[in-house]
Amino acid sequence: MTSRARAPAHAGNTRRVAWPAPVARGSYRAVGQRVVIAGCVLWAALGGCGVRASTPATTPAGVSTAAAASVAAPPPAATSPAERARADALRADAEAALAAGDAAGAVTKLREACAADPASADLQAALGAALRRADAPADEVKAALARALALAPRHADAHVLLARIDSEEGKPRDAVTHLRVALESLPHDPKVRAELALALDESGERDLAVSEYRGLIADRPSDISPYLRLAELYERMGRDYDAEDVLEALVAAVPSSPLGWVRLAQLYERRDETAKATRASAEARKLGAEVEPDHAIDTKTRPLPKSPH
């Protein structure tokens, strides 16, 4: 049994000091656990090691200054109606210049328009497109498009242009990323979907490219380009009979186009199926086509990708 300690006696002072009651056996562990837990809570509240416990300063809107500092640049000031009208007039002038083949003049007008209305993502994207038409350096084009995306992160036209630059620079996977974002705003745009299919093909995702081309054919059966590209893709995949089915579907859907028959004639010639090749060639000639082996097909898009194998 633990004895109580007594306060030392001094002359003129006989008052006892009451010491805390003894802790029962086994309670020390519980006390220690509570101390450890309290310490962990305090550590978390302070934000971990090396973080000051002071509350960050806030802006009038309640946003921490640390978060505000992470913004690359403050948003542009609101454009006055007069400046916006001036910017619209300059853009109209730029479009007229582009129609006349004066890309450099369009760039000049669009630079002025961007200065008049710096909050317009559309103007920055239009400037990027004009710079591209004027054969400006890719970095200059991308800078204008980056400004457009800073103002409107999902701007479809800016993403499409960046995708085209990425494809030209041999970065098809980046192009796929941009095109998928663009399709969120333009889900039924056939040109963007066709570019996505081609970028998927170039990046090696051929099964996904096949699906995109098939979707385009289902939605636009009178457009011959998806048929031709899908048939060419099937041939590179070693799926000649699938290519034949696609080309047969093309000549059935668009009987006035000789290109399906031309491609069928070429495919049959490669497979030494003389009778079928002769029939396809005759059909193509009826429609005014000159059938030659390895006839080049212009599908109105960039060159067909070569097989990596």
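The values are calculated or read from the model by the stated rules, or taken from the named source; none is laboratory data. What you see is a predicted model; the values in this text were computed from it and never measured. When we count neighbours, we look across all protein chains shown, and the Cβ atoms used for this are built from the backbone with ideal geometry, even at glycine.
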**Complete:** The correct count of residues that are within 25 Å of PRO81 (Cα to Cα), among the charged types (D, E, K, R) and without any contact (Cβ under 8 Å) to a residue 12 or more places away in the chain in segment 92-141 is 1
**Message:** Against the definition (charged (D, E, K, R), over 24 Å from ALA197 (Cβ atoms), surrounded by 19 or more Cβ atoms within 10 Å (Cβ to Cβ) and in contact with a Pro (Cβ under 9 Å, 6 or more places away or on another chain)), how does ASP117 come out, yes or no?
**Reply:** yes
**Fill in**
Among ASP157, ASP88, ASP122, ASP139, the single one that is within 26 Å of LEU196 (Cβ to Cβ) and surrounded by fewer than 16 Cβ atoms within 10 Å (Cβ to Cβ) is ASP139
**Asked** Among the residues of segment 92-111, is there at least one that is under 24 Å from ASP189 (Cα atoms) and buried (at least 24 other Cβ atoms within 10 Å of the Cβ)?
**Response** no
**Message:** When you scan segment 294-307, do you find a residue that is surrounded by 12 or more Cβ atoms within 10 Å (Cβ to Cβ), farther than 14 Å from SER225 by Cα, aliphatic (A, V, I, L, M) and modelled with pLDDT under 95, even just one?
**Reply:** no
**Message:** For the list (1) at pLDDT 85 or above; (2) under 41 Å from the mean Cα position of the chain (by Cα); (3) surrounded by fewer than 18 Cβ atoms within 10 Å (Cβ to Cβ), I need the number of the one condition that ARG263 fails.
**Reply:** (3)
**Request:** Please go through segment 172-193 and pick out each residue that is in contact with a helix residue (DSSP H, G or I) (Cβ under 6 Å, 6 or more places away or on another chain) and either polar (S, T, N, Q) or not in a helix (DSSP H, G or I) (or both).
**Result:** SER185, LEU186
**Prompt:** Looking at segment 76-171, what helices (runs of 4 or more DSSP H) fall wholly within it and have at least 1 residues that are under 16 Å from the mean Cα position of the chain (by Cα) and of a type in the set (Gly, Ala, Ser)?
**Reply:** 121-133, 138-151, 156-168
